[in-house]
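Inspection log for the structure reproduced underneath, given as structure tokens.
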Amino acid sequence: TLSVTGNEIDRNFNQNVTIGASVKKEFGIPVPFIKKVSATLDFLSFYDINGNSEQDKDEPSIENVVIRLGDKEVLTNKKGEAEIKNIPMETYPYSVFSLDDLQGWFPSTDDSLQVIASKTANIPFVRGVKVYGDVVLDRQKIAIADTSKPFDLSRIKITAVNGKTYNTLTDVNGRFEFYMPNGDYVITMDENILGDKYTITRNNIPMTLTNKQDGVYVSFYIIEKRKKVVIKEFKGD
């Protein structure tokens, strides 16, 4: 006859509870999947010499590049690196510019960036297209003997606009040059310096720059406004 006392029942019950607890602790209850709502972005800025948007061994990094993503702003270090942590996943206004004069190199980036996961965002800087030209003064032959002060062709403001504005000034010979990224532009000479005596034959010139161009030449022709020549006949007595 098998006899079980009350103490044995209590002991067996406690052992079962202990075993159950240990099993639960070992395997646990699966935690429901929690979707991430923020990400960490690493940025890498560099001279993209071959135009493949990836940093190769011979392509130097660029420090002092300001990166603005929404209301956040970071600056690249000597390795061209910067980081924004725990940014909510959505689409942000995105702008990049260098604090240093890079002599005609410009960031090849969009004006917005969609954050959907943690990643490294490359910031390749590409060589702009050289825009150069002359301001040419074409005076009438009739004005050759004019002893007035000659027209000064230096420091004339030349402007190119495509949403952003780029400016340069002419030298003493009326020549100018500057570099701009790819895009559609309207290039303009400042007409305020002409006064009433001169006019320009064509201004506000449309222009398209692509990475297939080494340079684009533009000229502005200034002409002296025509003078009326009155010829009087003198008859003798």
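The values are calculated or read from the model by the stated rules, or taken from the named source; none is laboratory data. Computed from a predicted structure; not experimentally measured. Note that we place each Cβ from the backbone using ideal geometry, even for glycine, and neighbour counts take in every protein chain shown. SASA here: full protein model, heavy atoms, side chains in, ligands and nucleic acids out. Shrake-Rupley method; radii C 1.70, N 1.55, O 1.52, S 1.80 Å.
On the basis of being in a strand (DSSP E or B), closer than 27 Å to Asn211 by Cα, over 18 Å from the mean Cα position of the chain (by Cα) and not small (Gly, Ala, Ser), does Tyr132 make the cut? Judged against the criteria, Tyr132 is a match.
Can you work out which of the residues in segment 169-208 that are farther than 27 Å from Arg127 by Cα and of a type in the set (Lys, Arg) is surrounded by the most Cβ atoms within 10 Å (Cβ to Cβ)? Per the stated criteria, the residue is Lys197. Can you work out which of the residues in segment 54-64 that are of a type outside the set (S, T, N, Q) and free of Cβ contacts under 8 Å to residues at least 60 places away in the same chain is nearest to Glu83 (Cα to Cα)? Looking at residues that are of a type outside the set (S, T, N, Q) and free of Cβ contacts under 8 Å to residues at least 60 places away in the same chain, I get Glu63. Of all residues in segment 119-135, those being at pLDDT below 95 and surrounded by fewer than 16 Cβ atoms within 10 Å (Cβ to Cβ) number 0.
Is it the case that Asp138 is modelled with pLDDT of 95 or more and more than 18 Å from Asp101 (Cβ to Cβ)? So Asp138 does not fit the description; no.
Considering only residues in segment 42-74 that are touching an Asp or Glu at 6+ places or on another chain (Cβ under 8 Å) and over 19 Å from Val126 (Cα atoms), the one that is surrounded by the fewest Cβ atoms within 10 Å (Cβ to Cβ) turns out to be Asp42. Looking at segment 214-226, can you tell me whether even one residue there is in contact with an Asp or Glu (Cβ under 9 Å, 6 or more places away or on another chain), more than 29 Å from Asp111 (Cα to Cα) and among the acidic types (Asp, Glu)? Yes: one or more hits. With respect to the stated conditions, Ile158 is farther than 29 Å from Glu54 by Cα, modelled with pLDDT of 95 or more and either surrounded by 14 or more Cβ atoms within 10 Å (Cβ to Cβ) or in contact with an Asp or Glu (Cβ under 8 Å, 6 or more places away or on another chain) (or both). Taking each residue of segment 27-53 that is modelled with pLDDT of 75 or more and looking for partners that are open to solvent by less than 40 Å² (accessible area, probe 1.4 Å) and acidic (Asp, Glu) with beta-carbon atoms closer than 9 Å, six or more apart or interchain, yields Phe46/Glu59; Tyr47/Glu59; Asp48/Glu59; Ile49/Glu59; Asn50/Glu59.
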